[in-house]
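None of the figures in this text is laboratory data; all of them are computed from the coordinates on show. Here the structure is a predicted model, which is why all the values come from computation and not from measurement. Counting neighbours? That spans all protein chains shown, and the Cβs are built from the backbone with ideal geometry, glycine included.
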Amino acid sequence: MSDSVRLAKRVAELAACSRADAEQYIRNGWVQVDGCVVENPAHAVSRETVTLDEEARLEAVEPATVLLHKPVGYDTISGPNPAGALVQPGTRWPEDPSGVRMLERHFHRLTPLVPLDIDASGLMVLTQDGRVWRRLTEDGDGIEQEYVVEVSGDIAPYGLRKLNHGLHYNGRALPPCKVSWQNEVRLRFALKGVQGGLLRDMCAQVGLEVVSIRRLRIGKIPLAKMPVGTWRYLPVGERF
């Protein structure tokens, strides 16, 4: 329509602020057009109702880091069935305690980190934050991960002791780790420098067959009680 204008211009008039501030309000999800949040400052409006949230602030919005409960059968870093595709507005965990306001921008350029085998489930990290990327890539081998592994079969003599220290993988001695029985069929592993296939190989070396693997924790960040296929935000200020 001939009388249409950019949303940023309308917001600047509405809030009596500069065009730059109006654009930031919009990008930060504080502006609604006919009751729907619009995050594009160039969005054209004419006679629609434009409102600015009463709690609107001009503070910068932090890049998002998402914690996903990956199901079995999905790829983490690469592959034809990426788990990242599960991160959608409708799959956010309703009990997410982070307090982060969901924005459209949070679903763009999410980089998956910390590989997890396709046949394993559990905690997966995707981020837009370069600080998180550096922490989990450059320092990744020094960050402890925790898993629960369901097994079948009879463990070899001194098998639990060997799992804790005494096994090799790809021709190299494995460093000490913490392995304990959670119950009669589940082992809990806490170890660093996890590689693809490592847990299955460790179990096989002591006579056990792996039934399932679930990652419970990366560093200080737990899976929590998220159902499979749902996600939550990493709260601002929390570190791995």
Efficiency of FRET between THR137 and GLN182 - r from beta-carbon atoms, R0 35 angstrom, step 0.05: 0.70
Table column - 3J(HN,Hα) (Hz), the stretch 217-233, Karplus curve with 6.51, -1.76, 1.60, x for Gly and Pro: 7, 10, x, 8, 9, x, 5, 6, 9, 4, x, 4, x, 9, 9, 9, 7
Value of [θ]222 nm, deg cm²/dmol, for the chain, DSSP H segments ≥ 4, -39500 (n - 2.57) each, nearest 500: -4500 deg cm²/dmol
Efficiency of FRET between ALA85 and ALA173 - r from beta-carbon atoms, R0 35 angstrom, step 0.05: 0.35
Using θ = phi - 60° and Karplus 6.51 cos²θ - 1.76 cosθ + 1.60, couplings along the stretch 70-81 (whole Hz; Gly, Pro as x): 5, x, 4, x, 10, 7, 9, 7, 8, x, x, 10
Using alpha carbons only: equivalent-ellipsoid semi-axes of the stretch 1-136, gyration tensor based, whole Å: 36, 15, 13
Interchain or long-range residues, amide H under 5 Å from LEU167's placed H: LEU174
Sparse-neighbour loop sites [GluC sites (Glu not before Pro); the stretch 161-240; at most 16 other C-beta within 10 Å; DSSP]: GLU184, GLU238
Amide H within-cut-off set for ALA64, under 5 Å, with H built and near neighbours excluded: GLN128
Residue-by-residue Karplus 3J(HN,Hα) for the stretch 92-109, coefficients 6.51, -1.76, 1.60, Hz, glycine and proline x: 5, 4, x, 9, 3, x, 5, x, 7, 6, 6, 10, 4, 4, 5, 9, 10, 6
Two-site FRET efficiency, LEU103 against ARG161, from Cβ-Cβ distance with R₀ of 51 Å, rounded to 0.05: 0.55
Flagged links, alpha-carbon separation over 21 Å, of LYS192/LYS220; LYS70/LYS220; LYS70/LYS178; LYS178/LYS220; LYS162/LYS225: LYS70/LYS178; LYS162/LYS225
